[in-house]
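The values are calculated or read from the model by the stated rules, or taken from the named source; none is laboratory data. Worth saying up front: this structure is predicted, and the values here are computed from it rather than measured. Glycine also receives a Cβ, built like all others from the backbone with ideal geometry; neighbour counts cover every protein chain displayed.
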Amino acid sequence: MKIGFCYDTMSDYNFTDLNFCDFTSEESVSYVKEVLESCGHKVTLIGNAGKLFHRMHSGQFDFNLVFSTAEGLGSRNREGWIASFLEASGIP
């Protein structure tokens, strides 16, 4: 199965302030990718919601499923951005 992996890291937003605590570490991203690949899946690291939207609109989206730990940024609805967008697009 081809899996796209969405996540938020501080480097995606150029933050260095540790008060932004909803970000995933690069180590965690690598670990999740390795675990999914050890189950036989092909995993592509996508990144944040903006990067997912860019892939979708530029025709670079070829996944059977998207796994997301992304938390978003800036609004109370931020955690639902990716899930809502994918659901509306018919992508599990």
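Residues in region 61-76 that are under 19 Å from Asp12 (Cα atoms) and not aromatic (Phe, Trp, Tyr): Val66, Ser68, Thr69, Ala70, Glu71, Gly72, Leu73, Gly74, Ser75. Residue count for region 63-85 satisfying the condition of being out of contact with any Cys (no Cβ under 9 Å at 6 or more places or on another chain) and at pLDDT below 90: 14. Within region 56-88, being among the charged types (D, E, K, R), closer than 16 Å to Thr24 by Cβ and without any contact (Cβ under 8 Å) to a residue 60 or more places away in the chain holds for Arg78, Glu79.
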